[in-house]
Amino acid sequence: MPHAPNTRPTAADFLSRHRGGGLFTETVNQRVGSYLAVAAHRLRLAPSALTLINLALGLAASIAVVTLAPAAARDDVPAWALGLGALLLWQLAYSLDCSDGQLARVTGMAGPAGARVDILCDVAVQISLVAAISATALAHAPGTPIWLVAVFAGTWMINLVTSVLASSNTASASLMTSTSLPVRIVKLVRDYGAVVTVCGVVIAFVPGLTPWLMAAFTVVNGLFLLASIGQSARKAGLVAPPHEPQ
């Protein structure tokens, strides 16, 4: 229900309308997003404006990493500054991605057009993140197999697909529905807020291990894809029900 027009919604009002996420996302990004939503509301910004700012910041961080990765590998640019700078921008971009939905729901501006812009911007930012991680691996570990880059990029698509499914009411059930703390900790491996944090830290302090990071994400996303296929196929059924007599 939209907020009353004559009162200013608070951060708590916006936070109460978030759509969840992983443990890291709910603890950090959704909370930061609620304060960004307050600022955007006072500046009379539309939710899609936040979406586009998210896009600009996410792309800027990734482009900086792709462009400066070779210089960082030569020690011409401090890797720690590049990685931490990218981490801050990625986190801010993701927090804006959380805030645009909060703002839309509280102000009653949610709609299919805004949701479409949000999904497309998410896809663009995640593609740029994959490019940044791959460029870092190739710059700091020139022996990185090209097949690893390809499989890493391919399996990352599951993140984009589940993002789209989560925005709809169909086929979006989680593999692990428990909300217990141990389960939520396990699910951090696919929590986007936690993922970009790990990526930024690796780029900053141990960029030579980026190929191993890519391999780890490939395994996690690949296993998640296989498990999702298995679960969905089991629910759909492999045997047709008997035909009713005419």
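The values are calculated or read from the model by the stated rules, or taken from the named source; none is laboratory data. The structure displayed is predicted, hence computed values, not measured ones. Cβ placement follows ideal geometry from the backbone for every residue including glycine, while neighbour counts extend to all protein chains displayed. The protein model used for the area step is the full one, side chains on, heavy atoms only, and it has no ligands, DNA or RNA in it. Shrake-Rupley method; radii C 1.70, N 1.55, O 1.52, S 1.80 Å.
For the chain, the share of accessible area belonging to carbon and sulfur comes to 70 percent (1.4 Å probe, ligands and nucleic acids excluded).
Shape call for the chain from the C-alpha gyration tensor, a ≥ b ≥ c root eigenvalues: rounded (a/c under 1.5), prolate (a/b greater than b/c) or oblate? Oblate.
Taken along the Cα-to-beta-carbon direction at a fixed 7 Å, the label points for Q231 and M109 span 3.4 nm. Per residue, the range 14-146 exposes 46 Å² of accessible surface when a 1.4 Å probe is rolled over the protein heavy atoms with every protein chain present. The D75 and W212 beta-carbon pair, evaluated with R₀ = 22 Å, returns a calculated FRET efficiency of approximately 0.55. Projecting label points 7 angstrom from Cα along Cα→Cβ for I63 and V123 puts them 2.0 nm apart.
Calculated [222 nm] ellipticity per residue, helices only, for the chain: -23500 deg cm²/dmol; basis is -39500 (n - 2.57) per DSSP H run with n ≥ 4, divided by all residues, nearest 500.
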